[in-house]
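Q: Sharing a structure here in structure tokens format.
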Protein chains: 2
Amino acid sequence: MPETHVRRRASLRSVFQATELDALLVTDLLNIRYLTGFTGSNAALLLHEGGDAHTVFCTDGRYTEQSAAEVPDLERVVDRASALALAARASSHSTRYARSGFESQHVSVEQHETLKHAFVDIELRRAPGLVEGLRLIKDDTEVQALRDACAAADRALAGLIEAGGIRAGRTEREVARDLENRMLEQGSDGLSFDSIVAAGAHSAIPHHQPTDAVLAVGDFVKLDFGATARGYHSDMTRMVVIGEPAAWQREVYELVRRSQAAGSEAVRPGADVAEVDRAARDVITGAGRGSEFSHSLGHGVGLEVHEAPSLATTGVGTLSAGMAVTVEPGVYLAGRGGVRIEDTLVVRDGTPELLTLSTKDLVVV
Amino acid sequence: MPETHVRRRASLRSVFQATELDALLVTDLLNIRYLTGFTGSNAALLLHEGGDAHTVFCTDGRYTEQSAAEVPDLERVVDRASALALAARASSHSTRYARSGFESQHVSVEQHETLKHAFVDIELRRAPGLVEGLRLIKDDTEVQALRDACAAADRALAGLIEAGGIRAGRTEREVARDLENRMLEQGSDGLSFDSIVAAGAHSAIPHHQPTDAVLAVGDFVKLDFGATARGYHSDMTRMVVIGEPAAWQREVYELVRRSQAAGSEAVRPGADVAEVDRAARDVITGAGRGSEFSHSLGHGVGLEVHEAPSLATTGVGTLSAGMAVTVEPGVYLAGRGGVRIEDTLVVRDGTPELLTLSTKDLVVV
């Protein structure tokens with residue numbers, strides 16, 4: 001959809017005026033994908049304030065055909081040293097590129113040393129986060145991709161449960177592989193991240209990697225996983241108990257569920273991100289379990305599975321309509337078991353749009 | 001294996017003496033894994049010249065248990081802002097850390113701005129590539145992991161072919177998923193990278209992403225894929241033809257095969273990396289197809305699927321025993337089909353050790 005990328009590049013140019021930049025050298029591959037549609041592994045983009053006619057894209061010879069298909073609407077240069085090739089191009093018209101920005105949050109100190117010398121007679125300015133600023137607010141194309149990714153994950157989990165895939169005797173690894181295959185069968189392009197399947201005491205480890213540990217009756221099973229669609233990530237955590245839940249399991253689950261609901265309710269335009277974290281955290285702290293909720297409440301999700309904004313006690317800023325965030329409180333009882341419940345939501349005027357639709361009733365298998 | 005990590009940290013300290021550093025702030029997660037065994041997603045390490053007793057590791061609350069298990073032999077601090085927490089620690093003993101290095105090839109210009117202020121009364125020096133320099137030469141633990149990863153990929157491909165998994169009527173995506181599942185069944189921890197399965201004219205695109213295109217009789221099918229073992233990556237490309245190969249397919253295949261053999265023969269200690277590229281490239285250029293070999297010959301492989309050294313016309317440096325590299329020439333006829341043959345090898349005195357053992361005869365199914 002070239003028109004989507006044309007519109008995004010125009011939005012970026014409108015940001016330029018405030019920063020007094022003539023051009024921006026974009027080197028982060030996700031930002032390049034956002035602005036051009038290119039999905040390869042090496043590229044740079046020199047986006048000029050004056051419009052797409054002065055904007056140049058560069059990739060290497062492996063991607064000549066792919067870039068012609070994906071980026072039909074920009075001038076393309078083929079060179080392995082993509083950023084340096086564009087620096088040379090800019091230097092041959094140094095007046096036009098007199099004040100050029102670079103993505104100083106991505107460019108390393110060493111790369112900057114090289115770039116400084118490659119931009120001749122050009123003032124190379126730190127310009128962090130300009131594209132990420134746009135990416136905070138998802139457009140319709142992006143929200144639809146997030147919906148599709150979340151729906152694939154929902155269907156995969158439903159299929160796994162229905163087929164009896166979570167049962168005593170299987171290993172964490174087997175359950176993870178089954179779940180991942182189901183996401184791919186449901187149309188996921190890939191995996192959002194390495195799936196977490198954590199059974200029994202392992203569920204108390206917030207980021208546990210699946211092992212050959214065998215699921216047993218009485219176990220909490222924590223599943224934290226995600227599908228992808230057109231580069232966009234889903235992220236969801238659900239809990240299953242094998243056999244009749246114990247009283248402590250029900251108690252902890254209900255506590256986290258109330259916290260998760262309180263956090264989700266606090267997600268609205270204008271809400272301070274630290275306040276959203278607090279809304280969920282207060283429920284857990286109020287039950288005397290504050291120290292067992294050892295991470296932040298959530299994060300933005302989009303082309304990256306973890307991106308801005310951060311819903312954390314130390315988070316800064318407010319939510320706006322169109323942001324996509326996770327809400328994922330947890331309580332972890334070391335050596336015993338833990339609970340996390342996580343949804344992906346889009347901030348809307350009024351109630352947020354819930355993208356992960358799997359039930360949040362405790363699933364008993 | 002703590003002793004492996006102890007030894008690697010000692011090797012890094014021996015590099016310090018030449019750089020006159022008191023300490024190195026390691027922030028790259030793969031370098032941290034190499035030096036400590038930690039596999040989580042947030043950490044920093046402040047490695048002191050004086051020994052492990054003065055060396056501090058930091059991660060956040062999600063990884064308290066995991067880091068205790070994986071990094072039992074170092075002092076551990078728990079803080080979400082891991083690098084800044086270690087900077088504060090160093091600043092409270094600024095004499096001991098008077099000249100501290102940072103990984104300037106990984107730290108962004110913005111992060112550096114923050115770190116500069118966090119290291120108080122300490123000279124923060126650019127110290128790029130120190131750990132990567134060690135990682136160039138694989139120790140026995142690493143070579144065994146590479147062998148295991150390559151063996152899982154070999155077994156997966158053999159199983160796929162034996163089961164008739166590459167056949168007319170299947171889509172590229174189905175073949176890719178089948179191959180990937182077989183790698184996981186064969187013990188791979190994950191996927192080395194997004195598998196390439198490219199059929200027919202798609203095989204002429206060096207880095208093609210699998211689509212719903214259907215395999216047909218007469219197609220070249222290019223499979224470029226890898227397994228992982230304990231963080232180490234395999235990388236292999238093989239070609240299959242469906243039905244009797246055409247004369248042009250045999251001709252191009254044999255050309256690339258001769259090139260690949262010439263490149264592999266040139267892999268030995270002391271060889272200039274550009275000369276290794278040339279040894280393979282000359283075969284293809286000599287056949288008048290030089291312009292159709294549009295990428296470099298190979299790359300190092302280890303904790304990253306692409307790492308140093310680069311076997312390229314523009315590559316600099318020489319090979320040493322213990323380096324692991326790919327040799328992967330290709331010839332791509334746009335709109336028609338292409339061939340790449342790729343092995344992963346370890347540089348040894350004499351003949352290199354071949355890790356990817358699948359046949360390099362053209363497979364006909």
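The values are calculated or read from the model by the stated rules, or taken from the named source; none is laboratory data. Everything numeric in this text was worked out from a predicted model, so none of it was measured. Because the Cβ atoms are built from the backbone with ideal geometry, glycine has one as well, and the counts that use them run over all protein chains shown. In case anyone asks, the SASA skips ligands and DNA or RNA and just uses the protein heavy atoms, side chains included. Shrake-Rupley method; radii C 1.70, N 1.55, O 1.52, S 1.80 Å.
Q: Of all residues being in contact (Cβ under 8 Å) with a residue 24 or more places away in the chain, farther than 21 Å from A:L124 by Cβ and open to solvent by 40 Å² or more (accessible area, probe 1.4 Å) in segment A:53-93, which is nearest to the chain's Cα centre (by Cα)? Just the residue, please.
A: Within segment A:53-93, the match that is nearest to the chain's Cα centre (by Cα) is A:E70.
Conditions tested, residue by residue: (1) farther than 20 Å from B:A69 by Cβ; (2) charged (D, E, K, R).
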| position | (1), (2) |
| --- | --- |
| A:N181 | yes, no |
| A:L184 | yes, no |
| A:D189 | yes, yes |
| A:S192 | yes, no |
| A:I196 | no, no |
| A:I205 | no, no |
| A:G218 | yes, no |
| A:V221 | yes, no |
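Q: Please count how many residues of segment B:95-118 are open to solvent by less than 30 Å² (accessible area, probe 1.4 Å) and under 20 Å from B:R13 (Cβ atoms). I'd like the intermediate steps shown before the answer.
A: Just the residues of segment B:95-118 that are open to solvent by less than 30 Å² (accessible area, probe 1.4 Å), to begin with: B:97, B:100-104, B:107-109, B:115, B:118.
Keeping just the survivors that are under 20 Å from B:R13 (Cβ atoms) gives B:97, B:100-104.
The total comes to 6.
Q: Can you name the number of the only condition in (1) open to solvent by less than 30 Å² (accessible area, probe 1.4 Å); (2) at negative phi that A:R33 fails?
A: If we test A:R33 against (1) open to solvent by less than 30 Å² (accessible area, probe 1.4 Å); (2) at negative phi, just (1) comes out false.
Q: Just wondering, is there one or more residues in segment B:2-24 that are free of Cβ contacts under 8 Å to residues at least 24 places away in the same chain, among the aliphatic types (A, V, I, L, M) and either outside the structural domain of B:V107 (by TED's automatic domain parsing) or in contact with a Ser or Thr (Cβ under 9 Å, 6 or more places away or on another chain) (or both)?
A: no
Q: Here are B:G231, B:G218: which of them is open to solvent by less than 20 Å² (accessible area, probe 1.4 Å), modelled with pLDDT of 95 or more and at positive phi?
A: B:G231
Q: Here's a follow-up. I'm trying to understand the selection: among the residues of segment B:267-293, which are more than 14 Å from every other protein chain (Cβ to nearest Cβ) and free of Cβ contacts under 8 Å to residues at least 24 places away in the same chain?
A: B:E275, B:A279, B:D282, B:T285, B:G286, B:G288
Q: Being among the small types (G, A, S) and either in a loop (DSSP other than H, G, I, E, B) or without any contact (Cβ under 8 Å) to a residue 40 or more places away in the chain (or both) is the filter here; which residues of segment B:207-235 pass it?
A: Selection gives B:A213, B:A216, B:G218, B:G226, B:G231, B:S234.
Q: Inspect segment B:160-175 for any residue being more than 14 Å from every other protein chain (Cβ to nearest Cβ), touching a Phe, Trp or Tyr at 6+ places or on another chain (Cβ under 6 Å) and crowded, with 17+ Cβ neighbours inside 10 Å and give the result as yes or no. Steps first, answer last, please.
A: From segment B:160-175, those more than 14 Å from every other protein chain (Cβ to nearest Cβ) are B:160-170; that's our starting set.
Among the residues that remain, those that are also touching a Phe, Trp or Tyr at 6+ places or on another chain (Cβ under 6 Å) are: none.
No: zero hits.
Q: Does any residue in segment A:185-197 that is touching a residue at least 12 places away in the same chain (Cβ under 8 Å) and within 10 Å of another protein chain (Cβ to nearest Cβ) come within less than 8 Å, Cβ to Cβ, of a residue that is open to solvent by 50 Å² or more (accessible area, probe 1.4 Å) and in a loop (DSSP other than H, G, I, E, B) six or more places away or on a different chain, and which pairs are these?
A: Hits for this filter: A:D189/A:R230; A:G190/B:D194; A:D194/A:Q209.
Q: Here's a follow-up. Counting only residues that are among the polar types (S, T, N, Q) and either part of a loop (DSSP other than H, G, I, E, B) or in contact with a Cys (Cβ under 9 Å, 6 or more places away or on another chain) (or both), how many does segment A:76-112 have?
A: Count: 6.
Q: Looking only at segment B:92-114, count every residue that is of a type in the set (D, E, K, R) and within 12 Å of chain A (Cβ to nearest Cβ) and tell me the total.
A: Summing the residues that are of a type in the set (D, E, K, R) and within 12 Å of chain A (Cβ to nearest Cβ) in segment B:92-114 gives 3.
Q: Now for a different question. What is the residue count in segment B:273-316 for residues that are touching a Leu at 6+ places or on another chain (Cβ under 9 Å), farther than 28 Å from B:R147 by Cα and not in a loop (DSSP other than H, G, I, E, B)?
A: 3
Q: Go through segment B:119-133 and count every residue that is of a type in the set (K, R) and either open to solvent by less than 70 Å² (accessible area, probe 1.4 Å) or more than 14 Å from chain A (Cβ to nearest Cβ) (or both).
A: The qualifying residues number 1.
Q: If we keep just the residues of segment B:267-293 that are open to solvent by 20 Å² or more (accessible area, probe 1.4 Å) and either outside the structural domain of B:L357 (by TED's automatic domain parsing) or aliphatic (A, V, I, L, M) (or both), which is farthest from A:S41 (Cα to Cα)?
A: Ranking the qualifying residues of segment B:267-293, first place goes to B:A287.
Q: Still on this structure, please answer the following. If you go through segment B:324-354 one residue at a time, how many are open to solvent by 10 Å² or more (accessible area, probe 1.4 Å) and either within 17 Å of the chain's Cα centre (by Cα) or of a type in the set (D, E) (or both)?
A: 4
Q: Here are some residues: A:S296, A:S264. Which one is within 21 Å of the chain's Cα centre (by Cα), away from chain B (no Cβ under 14 Å), open to solvent by less than 30 Å² (accessible area, probe 1.4 Å) and among the hydroxyl-bearing types (S, T, Y)? Outline the logic, then answer.
A: Working: A:S296 fails: away from chain B (no Cβ under 14 Å).
One residue alone meets the criteria, A:S264.
Q: If we only count helices (runs of 4 or more DSSP H) wholly inside segment B:113-204, which ones have 2 or more residues that are among the β-branched types (V, I, T)?
A: So the answer is B:140-162.
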